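Report on the following structure.
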């Protein structure tokens, strides 16, 4: 299956944050990602399923790496643990750092603009916690 046949996945917004995320996947440091369930719902997109493959795009919109989801769970933010936070490959030493970064992103101008509101982020906020493996680099 070629990159063109796969649904695409874009991390964060184009620019340094996306580039760091793609680099972390390519280096093997990043094996997990988290999405805000409200974003999927607002976009009318189904929650990803275990076994799905995605073409992860770089900031230029080009395929950078193909991943396969190996575990997908919808859960409240309070259930994310230190191990998952470290698997995000962004240098978080614990879930507190992960939480602070995700609250900042989920309440950022770009996300708020997309949703048409600034989301409330608390312990019960539902997130889509995904673990993946690299299938191939582009």
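In degrees, nearest 10, range 0 to 90: what is the angle between the Cα axis of helix 95-106 and the longest Cα principal axis of the chain?
90 degrees
Only helical DSSP H runs with n ≥ 4 go in: add -39500 (n - 2.57) per run for the chain, normalise by residue count and round the 222 nm mean residue ellipticity to 500 deg cm²/dmol. Could the numbers behind the result be given before it?
Numbers: 5 runs with 44 residues, N = 138.
My calculation for the chain gives -9000 deg cm²/dmol from helical runs alone.
Over the Cα atoms of the chain, what Rg and Dmax result, in angstrom?
In Å, with Rg to one decimal and Dmax whole: 14.2, 40.
Bear in mind that the values in this text are calculations on the coordinates, not laboratory data. Please read these numbers as outputs of a predicted model, since none were measured by experiment.
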